[in-house]
Amino acid sequence: MALLSKKDSNLILDPLADNNPITIQVLGICSALAITAELKASLVMAISVIFVMGIGNIVISLLRNVIPSKIRIIAQLIVVATLVIVVDQVLKAFAYELSKTLSVFVGLIITNCIIMGRFEAFALGNGVWRSFLDGIGNALGYGVILVIIGFFRELLGSGTLFGIPVLGDPIAKTGLYSIGYENNGFMIIPPAALIVVGIIIWVQRTRNKALIEEA
Amino acid sequence: MGLKEKLHQTKLKYQGKKMAPAFNAIHTFLYSPNETTHSGGHIRSVDDLKRTMNTVIMALVPCLLFGMFNAGYQHYSAINGFPENFSVMEHFITWDNFWLGAITILPLVIVSYGVGLAIEFVFAVIKGHEVEEGYLVTGMLVPLIVPVDTPLWMLAIAVAFGVVIGKEVFGGTGMNILNPALTIRAFLFFAYPTWMSGDKVWVHGAVERAGTADAISGETILGYLAQGNSDFSYSLSDMFFGFIPGSVGETSTFLILLGGLFLVFTKIASWRIMLSAVLGSLAMGLIFNGVVEAGWIPEYSKFYGLMSFEYWQHLLVGGLAFGIVYMATDPVTGSQTNKGKWIYGFLIGFMSVMIRVFNPGYPEGVFLAILLLNVFAPTIDHYVVRGNVKRRMKRLKNATILPKVTGEVEELKTETV
């Protein structure tokens, strides 16, 4: 017996590609622009969102019959805010430098449209297990794009990956730098992330024509 | 059988094939095609897109040649000292100067055209439409607006970025919202700022010699002023004729002026944009001069040098004149309505000088001002058109339609509406 049924596994796999929160639904762009200059920050952000969405979807799904529909947004905000504070405190305790890099954007996970979107669209109407899978799937889809953007931005902008120099030393002029290569300062600034996202969307839609909307 | 006939016949072979657009581009570049349209009435005229583009290139060639001489002149002057009793024929138009300029600048031109046209051809073949001529001018503008010593691989990356992200993703020539040449320059500026500003890049060889005993430097006038200095060694005629350091083709205001007149005379570029941009820059310059004269700004302020710079001299230094004549007048990215052109041009001049004075990192704002106004051009046009509609509606409402009482009134009304 497979671990997940076909229907359940689609909950995880769909958001990774054909229904990706960033490249298809174009949600959660702000944080994708702001914190992807380094791969490490992107990865931590991705993990934080996976945690918040997985647990959040479980909680909302458990409470879905208790929350009065008129105040459901407030209830959702409280759940997500609680989880975000947990993440923020953990980061401050165990990865202080990183939490400074991410700065306000950990707190802004609360306003990440993907999270509220999944609470509204899925967790309020589905069982706990399926909600959990949906949360993990969407957060993974978000995280994958973040890591891809972070990879290219850090590699081209700083010549490092996870802070480790991979192209040589720009000051001592070793590796690629010895033949005149230089880091691309444009990749460090947020607009570059927008262009990288655009190129990912472009590549994705070229590979899968079904994603192209009717003009 | 001449080459022309041969091409006409090879064309038949390519018809309907994947590579047809690439072949047709070369064919129509060399000769006018041998087929005519089969239906409808057509006016036969020679001023197609290629002719328009070639006219602009003709206006740019003097700037390119001057840039080559100037590259050599600045290089040798930085090493040997500026000649006393400067004479153009003796010190400027020399074989040495030209040769040095040619071997440093021609590679820039070749890389710019090579990379840009290659991408245009690839996209045309993939999309299956004809190769568009838009890159002909961009390819010539790009080497003229970068410093002499820009590394070729940087230029290649920037050109690829500018053509793909600045133009092809929007649908190719005629659909872009930003001027591709300026997109390329903006990319270079933000990606490799050390190669696009400072006092080392404007003279050939200065970067290599930095830190050695033979070090030379050549700062642009704007760079010098931005550091708070207010006197410089160049005379007004140096600035006007262009014997100053700067990007390859932007230094000679005199030749740019001639090129601009040529473009206005051939009706390729809009004189409204050029004139209003000049007025805009003068206005901003006057405001700054006024601020200095009123004593509102202390002499130790870092803006003092540029603010006290004579207002009309802004047009003689840096890329302002070049930008106004060749970039702001781009018919695709500029405003289309006549009134819009006045507003668009004026704001370009106004913003250019403002960014020049207030930009702490780099005392040149022309490319940023033009890119900004490129984005706003459609908005300007929109409001100009709306304003026109409103005015005419008002006129219609107040119009008395004669004769008043007869049965024809109804008919007349419907006609006017």
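The values are calculated or read from the model by the stated rules, or taken from the named source; none is laboratory data. Computed from a predicted structure; not experimentally measured. With ideal geometry, Cβ positions are generated from the backbone for all residues, glycine too; neighbour counts draw on all protein chains shown.
General observations
- Residue match in segment B:155-177 (condition: surrounded by fewer than 21 Cβ atoms within 10 Å (Cβ to Cβ), touching a residue at least 12 places away in the same chain (Cβ under 8 Å) and farther than 19 Å from residue B:117 by Cβ): yes
- In segment A:187-204, the condition of being farther than 18 Å from residue A:46 by Cα, touching a strand residue (DSSP E or B) at 6+ places or on another chain (Cβ under 9 Å) and surrounded by 15 or more Cβ atoms within 10 Å (Cβ to Cβ) is met by no residue.
- Residue in segment A:156-170 that is surrounded by fewer than 17 Cβ atoms within 10 Å (Cβ to Cβ), without any contact (Cβ under 8 Å) to a residue 12 or more places away in the chain and within 13 Å of chain B (Cβ to nearest Cβ) present: no
- Restricting attention to segment B:186-210, the residues being out of contact with any Lys or Arg (no Cβ under 9 Å at 6 or more places or on another chain), touching a residue at least 60 places away in the same chain (Cβ under 8 Å) and under 18 Å from residue B:104 (Cβ atoms) number 4.
- Meets criteria (away from every other protein chain (no Cβ under 14 Å) and either over 23 Å from the mean Cα position of the chain (by Cα) or in a helix (DSSP H, G or I) (or both)) for residue B:62: yes
- Evaluation of residue A:145 against (1) at pLDDT below 90; (2) surrounded by 23 or more Cβ atoms within 10 Å (Cβ to Cβ); (3) not basic (Lys, Arg) (one fails), failing number: (1)
- Looking only at segment B:1-14, and only at residues there that are under 37 Å from the mean Cα position of the chain (by Cα) and either among the charged types (D, E, K, R) or modelled with pLDDT under 75 (or both), the one that is nearest to residue B:126 (Cα to Cα): B:11
- Total residues in segment B:148-198, condition within 12 Å of chain A (Cβ to nearest Cβ), of a type in the set (Val, Ile, Thr) and farther than 28 Å from residue B:66 by Cα: 3
- Scanning segment B:116-164 for residues that are of a type in the set (Val, Ile, Thr), touching a helix residue (DSSP H, G or I) at 6+ places or on another chain (Cβ under 6 Å), closer than 20 Å to residue B:367 by Cβ and in a helix (DSSP H, G or I) yields a total of 5.
- Residues of segment A:183-215 satisfying the condition of being of a type outside the set (A, V, I, L, M) and touching a Leu at 6+ places or on another chain (Cβ under 9 Å): A:183, A:184, A:186, A:190, A:191, A:204, A:205
- Comparison of B:370, B:355 shows that the only residue that is within 16 Å of residue B:280 (Cβ to Cβ), modelled with pLDDT of 90 or more and surrounded by 12 or more Cβ atoms within 10 Å (Cβ to Cβ) is B:370.
- Residues of segment A:171-215 that are more than 11 Å from chain B (Cβ to nearest Cβ) and outside any helix (DSSP H, G or I): A:171, A:172, A:173, A:174, A:208, A:212, A:213, A:214, A:215.
- Tally, over segment B:277-325, of residues that are hydroxyl-bearing (Ser, Thr, Tyr) and crowded, with 24+ Cβ neighbours inside 10 Å: 1
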